[in-house]
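The values are calculated or read from the model by the stated rules, or taken from the named source; none is laboratory data. Bear in mind that the values here come from a model prediction, so they are computed numbers and not experimental data. Note that each Cβ is placed from the backbone with ideal geometry, even for glycine, and that neighbours are counted across all protein chains shown.
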């Protein structure tokens, strides 16, 4: 059985047709103006990006890349640049530069913007960035002047990055007006380098940004994609699958992050060694959560949505939350539901079931939402081994519903998996039937982190 999701909304082109005049020259139709396209912007790590990856991102609609270069200190009179070396960025996609500006509360003069641009231009040389993104942790009375004057001096678009609380202030609104837009972090994992994600609330996006709704500005919404662990690990954490093995760790819903795992035995995970008794907390964003965020943002009317900034591009390989190939495939319109194949094999009185996740998407971490169920039409079955799955539950069907631990002989068995990883194959333990003519039905369900589920039936 296979399932596919609808195409990712962010990649759908929004084109309005222009209605022409009638043959007699009168304007009988209405002429609609096409909306300004929304942009998908991907931030890079210090590793940059190679030509093949950049070409793949361009092919699926990524409009711009961003590299973070460092900090400009303004409090000492003349601006002081503390820049890191530019990472290697290949390929056809325009690249912006992000800079953190410190000390804006004082020391801004009419000459400050010119001094900042002179220093930056010397570093950029002939390779000017597509735009300047200014992360502004502090705002002062003349912050908006710096933004407007730097845009004039450089001839580049200057885009401030402000938090939800900042855009609610008079200084923040002045900066947004001066730049005619901004980037606001509104989604993702807090504590991973994108300022302002910890200000998330239960309100709708439009309500959280109501303070700038009437400014006529276009807002890019930023999402922090990188996972977080406590204790922390180096780099982007590895796929969670080893921790979801019940022999390795016990899952605990009570957590400082999304989930916690109590390690049962010494093991290696995410580049470090863990001992029995240690607890690791994790938080992550996967494609199902990302889809929910994109869908909500599409419904925002004011302020006008200019696009999305995804911070940062995942590395290749098997990662916690997101893999690079998985994200690119998602941009192409695949997922976030796993594509599942279920194979039933019979040998006499015995059947075996194999479930394979044939692509790069993953399930939620759940104790009950991911399963394969074998149902017997009549009689009782015998099953004792969980096989590759995490648990086995004998049951009976009552009015079509699975009831665990039946009083009589079981006529159904459910194999439960805590987490279905990308590309994973699971073989259930063998099931003995009353006869080689016994009819069985196989049902399966895979739950996603946004609460939706993929289901299927095989006979």
Legend entry - the stretch 242-257, subset within 20 Å of residue 422 (Cα to Cα) and in a loop (DSSP other than H, G, I, E, B), residue nearest to the chain's Cα centre (by Cα): 245
Legend entry - Hits in the stretch 329-350 - residues which are crowded, with 22+ Cβ neighbours inside 10 Å and under 30 Å from residue 408 (Cβ atoms): none
Legend entry - 3 or more residues closer than 23 Å to residue 371 by Cβ and either touching a strand residue (DSSP E or B) at 6+ places or on another chain (Cβ under 8 Å) or not assigned by TED's automatic domain parsing to the domain that holds residue 207 (or both): qualifying strands (runs of 3 or more DSSP E) within the stretch 270-351: 340-347
Legend entry - Qualifying positions in the stretch 195-241 - part of a loop (DSSP other than H, G, I, E, B), modelled with pLDDT under 95 and surrounded by fewer than 16 Cβ atoms within 10 Å (Cβ to Cβ): 200, 201, 202, 203, 204, 214, 216, 234, 235
Inset, instruction - Report yes if some residue within the stretch 362-379 is outside the structural domain of residue 290 (by TED's automatic domain parsing), surrounded by fewer than 17 Cβ atoms within 10 Å (Cβ to Cβ) and in a strand (DSSP E or B); otherwise report no. - result: no
Legend entry - Any chance residue 289 is modelled with pLDDT of 95 or more, on the phi < 0 side of the Ramachandran plot and within 24 Å of the chain's Cα centre (by Cα): yes
Inset, instruction - Of all residues in the stretch 407-424, count the ones that are assigned to a loop (DSSP other than H, G, I, E, B) and under 15 Å from residue 374 (Cα atoms). - result: 4
Inset, instruction - Identify, by number, the condition in (1) assigned by TED's automatic domain parsing to the domain that holds residue 322; (2) more than 30 Å from residue 40 (Cα to Cα) that residue 264 doesn't meet. - result: (1)
